[in-house]
Structure formats: structure tokens, C-alpha cells
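Trainee: Can you keep this structure in mind? I'll have questions shortly.
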Amino acid sequence: MAEFLQQVVEGLGAGAIYAGLALALVLIYRFTGVVNFAQGELAMFSTYIAWQFMAGGMAFWLALPLTLAVSFVGGMLIERVIIRPVEGAPELTVVIVTVGLFIFVNAAAGWIWSFLIKDFPSPFPAGSAQAGALTVSYSTLGNLAVVAVVMGALYLLFQHTKIGLGMRGVAADPRSARLVGIRVGWMLALGWGLAALVGAVSGVLVAPLLFLEPNMMGGVLLYAFAAATLGGFDSPVGAVVGGLIVGVAETLAGAYVGFIGSDLKVGVPLAIILAALLLRPQGLFGRAAVRQ
Amino acid sequence: MSERSEPAAGDAFLAVEDLHAGYGDARVLHGVSLRVGQGEICAILGPNGAGKTTLLRALSGMCRVRGSVRLDGTDLAGRSPDAVARRGVAHVPEGRGTFMPLTVEENLRLGAFARRGRGARQSVADDLDRVYGYFPVLRTRMRQVAGSLSGGEQQMLAIGRALMLRPRLLLLDEPSLGLAPLVTRELFGIVRTINAEEGTTVVVVEQNAHLALGVAQQAHVLETGRIVLSGSAERIQADEQVAQSYLGYRV
Ligand SMILES: Nc1ncnc2c1ncn2[C@@H]1O[C@H](COP(=O)(O)OP(=O)(O)O)[C@@H](O)[C@H]1O
Ligand SMILES: [Mg+2]
């Protein structure tokens, strides 16, 4: 039993990271209806920016807010410059643009920082807390805390600020949003900026676990897709819950299902995506069904 | 039958001149001109497909236009809908445009989104009270999701949301559509009250000519994208033959 609980806790720690990226995916999908395949690569690029700041001698807790600010502005710029021209184009066109962005950002990171792996420091102390028979590493606790903080901040933004209300208005009905005087274009850009910021947080959490390299987010993106599909592509709460479930499912499968082991673990998100699409296409918390 | 009872060009609050509008290649309005004085209610009548909705969309920037739309001297033609809204034009669109997943009160607050500056918080609270005063049922439903309201309540919400903009010009697109006669009459009563109490200029599109003519000072009949008849509301109401041929209704 203790062993099982231990695995669950590890899974939650991993799940917190998937939840972060899933949250970024869901933010963009809700506000713009775009499934952003480049979300993971943007997060990776942000992580490199943080690395660059620290390579210049900056302390982590200073580099982080700077990185988040750069990511936010970068996300807004990408919307304005790259996504705006294809706004309203058929879905496939937009998907292809984000796939193109994926390839471009990946190549740009390789070109700037090379494909050699880099160490990325963990913001949390080494070691672990002991609770009875359970051992929980500080980094697992830290990851969970960070995702909780991000979630709380987004909740405050959307439910208790005027700008958040405006963003929800745009998500609900862009045409009516224009009729009440909202500059919808700026709100969409804001959505991309926020998503890039949240994605950057997940990148910074992933990097210490996986090493920093241009392809680091590929697998994480897959898990994040599973999380978002499971939770509901238009539900931030769903993204977080979905992320945690995916993390636990993956860890438990790796530990207890004999033939899966750590190599085949990647099959878990695929199985979850498939099951969610078949059984509950709108996800656990979502409203709109994911169109197949 | 082209008798003019409109204000002269100089003192018209809303002046529309030779307005053309459409969607892509489809041209819908072919040179519409009309004037509305400040504080007046103007009814736009006409059969289905005449272009009434398109005319309101053209006024609020929702479709491409050629020609001129002047509100109190400012040219609105070619501006985006959000820019037009920020200049005081509130459009209650066909279909009501409710923010379905949001609560009633959030819908109303969004109506005042463009308001800013000192005292905005207090003035929004005051206006919420005012709207709840016109539509008490909305107060009882304020925490409810707007999508759960009945058709009549959604129409009240749409008008309330428009009032939150503190409009100088209110555009209403078929407020009676799909509503029970009793609800419709109540709604038109409130439109008249708003017009009287706040001096808001109103352009209302209706298929139910009888109702619209009851509150309007002047009316225009639109047919296939052209104004075919203009006059004071009484005059159009009184003219049986007009009613027969253009409005096809039972007075
Ligand atoms: N979004 C649109 N795209 C293309 N054509 C449209 C659109 N909306 C309306 N139309 C066409 O414009 C004409 C006028 O429509 P509309 O303005 O809705 O008339 P009304 O409101 O008087 O019933 C109709 O022939 C209609 O088919
Ligand atoms: Mg219409």
C-alpha cells in the first residue's frame, strides 16, 4: 500500500508538469479555437531564454520573472504577426501554421543553442519530506505548488478582473464582444501571451528533470494533449485534473503493468486520448466536443 | 408617397447618405438614405429578406459599406464594430448575441466594458441598478447562466446589456422575434420608457409593423435593399393601402 501511494505521489508530480502545458493549450483553444501544436516548442524556447539569463550570472528567481515577461510579449507578437493573417481561415490552415511554427522554433533553438543537452538547475532544494512511510521530494511538492499558484492566478484573472471578463466574453461570443466595444484582436493576442507564459512555467519545471535540449518538450506535449483531451479542451480546471490523472496513470502503468515498463509508458497518453475521444469527446469538464 | 417628415440635414442626429452594403459579392443595400433626429424612435419595416438586418449591421460596422453614416457629425462608415460601439452605438443584434455561458450580471457588465476612468466602478453599479429597475426579472436571475434564460428574458438581457453602454444610439433588430405577444408588448413599453427617460435615439427593425409604429415617430419601409416609403408613423399606420401593399399586415 505504501509503495502504491508512493507511486501515486510521483505520478502527481509528473502530472503537475503535464497540467502546466495542458493549461497553456487550453487557454489558446478557448480564446481562439486554435489547437497550438507549437505550444511545447514555445515552452522549450522560453526555457532556453531562462537558461541564457542564468548563464549570464542571473539568479534563478530573477531570471524566472524576466523569462515569463519575455514569453508573454513573445506570445502576443506571434499572435499578431503569424496567427492574425490566418485568423478565420479553415482549421487545417491554422493547424499547419502552428505545425510550421513548431518546426521553425525547434530549428531556431537548435541553431542558437545547439542540440547538445544542457543542465538546467532545479529551483527547488534537493532532498525530500517524510510523511509516515511516504517520501515526497521537494521538487514534486514544488511542482504541485507552482501549478496550484498558476491555476489560482488564472482563476483570479478570469473571475475577478475586468480584462478577464472581457476575455471570457470573447471566448463566448466574439461578435457580441465587438458589439460591446471590446478590441477582440488584442484579447486574442493576450490569450496567446498568457498561454506562452504558462507554457514557460511548465518548461522551466520540466527542464531540471529531463535536461534542456530542443526536443525536450516533444513527449511532454503528447501527455499535455492527453490531459487536455481527457479534461476537456475548453476547461482550464479540466486541463489540470486531466494532467494529474495522466501523470498518475502513466506512473502506475510503468510500475505495475509488467510489459509496459518505462519504455512503453508513452503508449499511456495515446490510450487515454483514444479512450476519451471514444467515451466522452467533450472531456470530463468540457462543453464542446473535440471535433474529430 | 415619398413625403418627407424628417429633420433637415443640419440637425439630424443620425444621417445616412446613399448607403450601399453587402456580404462579399452579394450586394444587399442599394443606396439607402435616412435621417433620425435626436431623441427620436425610427422604425424600419419591410418583408423578410429586405435588408433590414443588413442596414443595422451597416450602421454598427458589422458589414462592409459604401456611403456615409454620420452620428452627431462624426463619420462612422468603415469603422470596426468595437470602434462604433465605443462611440456610443449599442446594437442588439438579430439572435440577441447573448454571452451564453456567462451569468446575467456578467453579460450586463460586459455591456459597460468600454467605460473607463475615475468613477467607472460606481457608475457601472448605478447603471446595473437602473437596468434591474427596468427589468426586475433580471435581478432575480443575476447569478444565473444567461443561456438558461427564456427567450423573452434573453431579449431583456440584450437590451439591458445595450443600455449598459450608455448609448447615444440604440439599434434593435426584431426584438419581438419568437416572443409571446404579452412579452413583446411589455418590451416595447420599456423601449418607449427608455426613450422618454433617457432621450436615447432608437432605430428599431420590426416585422411586426403594428407594434413598431405604436412607439415610433417616423418609419421607413425597406424592400429589396431600397427605401420605398418614408413618413411619420401615424401616416403610415393610417394608410390602409400602404399597409396592404407594403406591409401585408392586419392593422
Ligand atoms: N451573412 C450573410 N451573408 C450573405 N448574405 C446574407 C447574409 N445575411 C443576409 N444575407 C442576405 O441579405 C439579404 C437581406 O437579408 P437581411 O438583411 O437579413 O434581411 P431582413 O433582416 O430584412 O430579413 C438576404 O437576401 C439574405 O440572404
Ligand atoms: Mg432580419
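The values are calculated or read from the model by the stated rules, or taken from the named source; none is laboratory data. For clarity, every value in this text was computed on a predicted model and none was experimentally measured. Backbone-built Cβ (ideal geometry, glycine too); neighbour counts: all protein chains shown.
Trainee: Which one of B:Met62, B:Met100 is surrounded by 15 or more Cβ atoms within 10 Å (Cβ to Cβ), within 8 Å of another protein chain (Cβ to nearest Cβ), without any contact (Cβ under 8 Å) to a residue 60 or more places away in the chain and within 16 Å of ligand 2 (Cβ to nearest atom)?
Mentor: B:Met62
Trainee: Is it the case that B:Ser80 is within 16 Å of ligand 2 (Cβ to nearest atom), over 17 Å from B:Arg226 (Cβ atoms) and within 12 Å of another protein chain (Cβ to nearest Cβ)?
Mentor: No: the conditions fail for B:Ser80.
Trainee: Follow-up. Of B:Ala50, B:Ala21, which residue is free of Cβ contacts under 8 Å to residues at least 60 places away in the same chain, more than 20 Å from B:Pro167 (Cα to Cα) and within 12 Å of ligand 1 (Cβ to nearest atom)?
Mentor: B:Ala21
Trainee: Okay, moving on. Looking only at the range B:88-101, decide whether some residue is assigned to a helix (DSSP H, G or I), at pLDDT below 95 and under 21 Å from the mean Cα position of the chain (by Cα). Can you show your working first?
Mentor: Quick first cut of the range B:88-101, residues assigned to a helix (DSSP H, G or I) only: none.
No, the conditions are met nowhere in the range B:88-101.
Trainee: Taking B:Val69, is it closer than 27 Å to B:Gln155 by Cα, within 11 Å of chain A (Cβ to nearest Cβ) and either in contact with a strand residue (DSSP E or B) (Cβ under 8 Å, 6 or more places away or on another chain) or outside any strand (DSSP E or B) (or both)?
Mentor: Here the answer is no, as B:Val69 does not meet what is asked.
Trainee: For B:Ala209, which of the numbered conditions (1) within 27 Å of B:Glu106 (Cβ to Cβ); (2) touching a strand residue (DSSP E or B) at 6+ places or on another chain (Cβ under 9 Å); (3) of a type in the set (A, V, I, L, M) fails to hold?
Mentor: (1)
Trainee: Could you check the range B:116-151 and list, in sequence order, the residues that are part of a loop (DSSP other than H, G, I, E, B) and not small (Gly, Ala, Ser)?
Mentor: B:Arg116, B:Arg118, B:Phe135, B:Arg141, B:Met142, B:Arg143, B:Gln144, B:Leu149
Trainee: May I pose another question? Kindly indicate whether B:Leu172 is closer than 23 Å to B:Val32 by Cα, within 16 Å of ligand 2 (Cβ to nearest atom) and within 14 Å of chain A (Cβ to nearest Cβ). Step through it out loud before you land on a result.
Mentor: Details: closer than 23 Å to B:Val32 by Cα: yes; within 16 Å of ligand 2 (Cβ to nearest atom): yes; within 14 Å of chain A (Cβ to nearest Cβ): yes.
So B:Leu172 passes the test.
Trainee: Scan the range B:159-169 residue by residue and report those that are within 19 Å of B:Phe99 (Cα to Cα) and either β-branched (Val, Ile, Thr) or under 12 Å from the mean Cα position of the chain (by Cα) (or both).
Mentor: Selection gives B:Ile159, B:Ala162, B:Leu163.
Trainee: Suppose we filter A:Met54, A:Met58 for residues that are in contact (Cβ under 8 Å) with a residue 60 or more places away in the chain and of a type outside the set (Ser, Thr, Tyr); which single one remains?
Mentor: A:Met54
Trainee: Oh, and also: For the range B:29-47, name all the residues that are part of a strand (DSSP E or B), surrounded by fewer than 21 Cβ atoms within 10 Å (Cβ to Cβ) and within 13 Å of ligand 1 (Cβ to nearest atom).
Mentor: Across the range B:29-47, the qualifying residue is only B:His30.
Trainee: Also: Please give the number of the condition B:Arg87 fails out of (1) within 16 Å of ligand 1 (Cβ to nearest atom); (2) at the interface with chain A (Cβ under 10 Å from one of its Cβ atoms); (3) over 30 Å from B:Val145 (Cβ atoms); (4) not β-branched (Val, Ile, Thr).
Mentor: (1) is the only condition that B:Arg87 fails.
Trainee: Right, here's the next one. In the list A:Thr98, A:Thr140, A:Thr135, which residue meets the criterion of being assigned to a strand (DSSP E or B), touching a residue at least 40 places away in the same chain (Cβ under 8 Å) and of a type outside the set (A, V, I, L, M)?
Mentor: A:Thr135
Trainee: For the range B:178-210, what are the residues that are within 23 Å of B:Ala238 (Cβ to Cβ) and either within 16 Å of ligand 1 (Cβ to nearest atom) or within 14 Å of another protein chain (Cβ to nearest Cβ) (or both)?
Mentor: Matches in the range B:178-210: B:Val203, B:Val204, B:Val205, B:Glu206, B:Gln207, B:Asn208, B:Ala209.
Trainee: Sticking with this structure for a sec: Run B:Thr53 past the list (1) crowded, with 21+ Cβ neighbours inside 10 Å; (2) at pLDDT 95 or above and report the number of the one that doesn't hold.
Mentor: (1)
Trainee: Only residues in the range B:124-142 that are more than 14 Å from B:Ile159 (Cβ to Cβ) count as the first member; pair them with residues that are modelled with pLDDT under 95 and basic (Lys, Arg), Cβ under 9 angstrom, at least 6 apart or cross-chain, and list the lot.
Mentor: If the second residue must be modelled with pLDDT under 95 and basic (Lys, Arg), the pairs left are B:Val124/B:Arg115.
Trainee: Filter the range A:157-173 down to the residues that are more than 18 Å from A:Ala196 (Cα to Cα) and more than 10 Å from chain B (Cβ to nearest Cβ) and list them by number.
Mentor: Passing the criteria: A:His160, A:Thr161.
Trainee: In the range A:54-94, what count of residues is obtained for those that are out of contact with any helix residue (DSSP H, G or I) (no Cβ under 9 Å at 6 or more places or on another chain) and among the acidic types (Asp, Glu)?
Mentor: Result for the range A:54-94: 1.
Trainee: Let me ask something additional. Taking B:His220 as meeting all but one of (1) at pLDDT below 90; (2) buried (at least 22 other Cβ atoms within 10 Å of the Cβ), write down the number of the exception.
Mentor: The number of the failed condition is (1).
Trainee: Hey, could you check the range B:45-57 for residues that are of a type outside the set (Lys, Arg) and within 14 Å of chain A (Cβ to nearest Cβ) and say which is nearest to B:Leu19 (Cα to Cα)? Spell out the reasoning first.
Mentor: Initially, the range B:45-57 is screened for residues of a type outside the set (Lys, Arg), giving B:45-51, B:53-56.
Cutting the leftovers down to within 14 Å of chain A (Cβ to nearest Cβ) gives us B:53, B:56.
On the way: B:Thr53: 14, B:Leu56: 11 Å.
This residue is B:Leu56.
Trainee: What tally of residues in the range B:175-207 results from selecting those that are within 16 Å of ligand 2 (Cβ to nearest atom), in contact (Cβ under 8 Å) with a residue 40 or more places away in the chain and more than 14 Å from the chain's Cα centre (by Cα)?
Mentor: 0
Trainee: Where residues in the range B:112-121 are of a type outside the set (D, E, K, R) and either within 14 Å of chain A (Cβ to nearest Cβ) or touching a Phe, Trp or Tyr at 6+ places or on another chain (Cβ under 9 Å) (or both), which of them is nearest to A:Leu165 (Cα to Cα)?
Mentor: Selected residue: B:Phe113.
Trainee: Kindly provide the set of residues from the range A:33-89 that are among the charged types (D, E, K, R) and assigned to a loop (DSSP other than H, G, I, E, B), ordered by number.
Mentor: A:Glu87 - this is the single residue of the range A:33-89 that is among the charged types (D, E, K, R) and assigned to a loop (DSSP other than H, G, I, E, B).
Trainee: Next up: Restricting attention to the range A:179-189, does a residue exist that is within 14 Å of chain B (Cβ to nearest Cβ) and exposed (fewer than 14 other Cβ atoms within 10 Å of the Cβ)?
Mentor: No, there is no match, as no residue in the range A:179-189 is within 14 Å of chain B (Cβ to nearest Cβ) and exposed (fewer than 14 other Cβ atoms within 10 Å of the Cβ).
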